[in-house]
Amino acid sequence: MSIESNKAIARKLTELLDLGDENKLKDILSPDFISHFAGLPEALDREQYIMVNHAAKTAFADLHRTVEDVIAESDKVTVRITARGTHTGMFQGIVGTGKLTKISGIAIRRIAEGKITEEWVVNDQLGLLQQLGIVRLPTQTK
């Protein structure tokens, strides 16, 4: 596949994550898909990845991701994403705060035969926890 086709597939995954349609996600992720999230002790398989996305959409009901940049070479596509959402439900043991959040992340997606086979993700988890009031900013006194 061409680099432009791979870019379109990488962008499409971001759109499908927002929709949360499990069947459409399975169509774009290869059956042996694996995702490496920074901070997690083990990689996620396709089913776990879909479950994590569902949990995020449950915790941030209006969750929306915007692709800011796309860079591609060979079979890998890097996307820089901004995610926005209101924390309305349980997230990693944190009860909904009603706070609007905005974080940045970068994902590198490997594509083969029109499907995403592997992904490496780094999100600003510290920034998210600061916005939720769980971790204080260095300038905050209370």
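Overview of values
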read-out	value
Euclidean distance of C-alpha centroids, the stretch 98-116 and the stretch 25-41, integer Å	11 Å
MRE, 222 nm, helices only [DSSP H, n ≥ 4, -39500 (n - 2.57), over the chain, to nearest 500]	-9500 deg cm²/dmol
Lysine pairs with alpha-carbon atoms under 20 Å apart, the stretch 3-131, spacing 8 or more or separate chains	17
Cα-based helix-to-principal-axis angle, 3-19 vs the chain, degrees rounded to 10	40 degrees
Computed magnitude of the charge dipole of the chain (debye, nearest 20; Cβ of K, R +1, Cβ of D, E -1)	620 debye
Rounded to 10°, Cα long-axis angle of helix 46-59 versus longest principal axis of the chain	30 degrees
Residue of G85, G39, G114 that the Gaussian network model of the chain assigns the largest fluctuation, springs spanning Cα pairs under 10 Å	G39
Mean Cβ count within 10 Å, highest first, over the residues of peptides 91-97, 9-15	9-15, 91-97
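Throughout, read-outs are computed from the coordinates displayed, never taken from laboratory work. Because the structure is a prediction, the values reported are computed rather than measured. No Cβ is skipped: glycine too gets one built from the backbone with ideal geometry, and neighbour counts run over all protein chains shown.
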